[in-house]
Amino acid sequence: MGAAQDKLVDGLYGLGWAGVKKLPEPAAVALGRRIADFAWKRRGKSVLRLESNLARVVPDAGPERLRELSRAGMRSYMRYWMESFRLPTMDPERFGTDVEFKDEHILREALASGRGVVVALPHLANWDLAGAWAIGHLGVPFTTVAERLKPESLYDRFVAYRESLGMEVLPHSGGAAFGTLARRLRSGGLVCLVADRDLSASGVEVEFFGATARMPAGPALLAQQTGAVLIPATLHYGEAPKMYGRIHPEVEVPKTGTRAEKTTAMTQAVADAFAWGIAEHPQDWHMLQRLWLDDLEERTQ
């Protein structure tokens, strides 16, 4: 991407951040739906990839059902963006009423233990809103990691936005993130990581909807190295503005096996929790990229 295109992309996102914040909530919801429907009707690469991914999640769905799911998926995806643009202007009290988690007590008890907590989430519904809920409703700040975006100025916008909500954001690249996360956990802190896609060589292969995918080793390694509690969480949308979630039981460190074997077993347990949440609400899974290894191999052939 050239410098001129970088500037254009950053400018468009800046307009979105500034403009959507000022819209009344119903107008923002309607705008998001119109944009989603326009993108869905164009049948671009992202929409077709979303449908291909959903076909694995709902294997008995025919073409018409998949089209319905992908349309709902694009609407859910644009709802995420509309909400995210507006989050810094929302009344923090709404986080306790608009967001509801089943088995919230699991997270509260883990935080009270003082061991530190790693929450692993997939790309379901609005993970930024879930983070705002943790800060505004539970009163617990947390640390997360963000992938560096191009252009750099766009990445800076994302970091500034998330930090305005009370999050500590570390860059994914550079190698220093793991050590900082470990220190936060050893001091009893909360770390939240979106962890359903990893294309790096260090990713762990897991079985996911009947085929092999690669997911990050970080959550399992952090739990092993620091003694922190590892908890998967899944999300789904209700009627706007409601969002719901589930706190899943702790993924414990196996008592036997090598470090690699323990990491694989724990990452598979996290993937299983993700699969449960995605299967329950496939339209809210915002996976518009290749995920399974055989899809990635097709691209390289």
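Quantify, in whole percent, the carbon and sulfur part of the accessible surface of the chain (1.4 Å probe; protein heavy atoms only). Carbon and sulfur atoms account for 54 percent of the accessible area of the chain.
With +1 on each Lys and Arg Cβ and -1 on each Asp and Glu Cβ, and nothing else charged, work out how big the dipole of segment 179-301 is about its Cα centre, in Debye to the nearest 20.
With Lys and Arg at +1 and Asp and Glu at -1, about 700 debye.
How much space per residue, in cubic angstrom, does the convex hull of the C-alpha atoms of segment 117-272 take up?
Output value, Cα hull per residue: 130 Å³.
Of the complete DSSP H runs in the chain, those spanning 20 angstrom or more by Cα along the long axis with a mean Kyte-Doolittle score not below -0.5 are 3-22, 25-42, 259-280.
Per residue, the accessible area of segment 111-266 comes to 42 Å², computed with a 1.4 Å probe over protein heavy atoms only. Counting only DSSP beta bridges with both residues in the chain, the antiparallel share comes to about 40 percent.
Would you please classify the overall shape of segment 188-301 from the alpha carbon gyration tensor, given that a ≥ b ≥ c denote the square roots of the eigenvalues, rounded means a/c under 1.5, and beyond that prolate means a/b larger than b/c while oblate covers the rest? Cα axes put segment 188-301 in the oblate bin. When Rg and the Kirkwood radius Rh are both evaluated on Cα atoms of the chain, their ratio Rg/Rh stands at 0.95. Rolling a 1.4 Å probe over the protein heavy atoms gives segment 15-106 an accessible area of 55 Å² per residue.
For the set Thr89, Thr180, solvent exposure ranked by accessible area (probe 1.4 Å, protein chains only) runs largest to smallest as Thr89, Thr180.
Annotation: amide H-H contacts under 5 Å for Thr234 (H modelled 1.01 Å from N, sequence separation of 5 or more, or interchain): Arg246, His248. Only Lys, Arg, Asp and Glu carry charge here, each on its Cβ (+1 for the first two, -1 for the last two); on that basis segment 67-143 has a dipole of about 320 debye about its Cα centre.
The values are calculated or read from the model by the stated rules, or taken from the named source; none is laboratory data. This is a predicted model, so every value here is computed, not measured. Reconstructed Cβ throughout: ideal geometry from the backbone, glycine too, with neighbour counts over all protein chains shown. The protein model used for the area step is the full one, side chains on, heavy atoms only, and it has no ligands, DNA or RNA in it. Shrake-Rupley method; radii C 1.70, N 1.55, O 1.52, S 1.80 Å.
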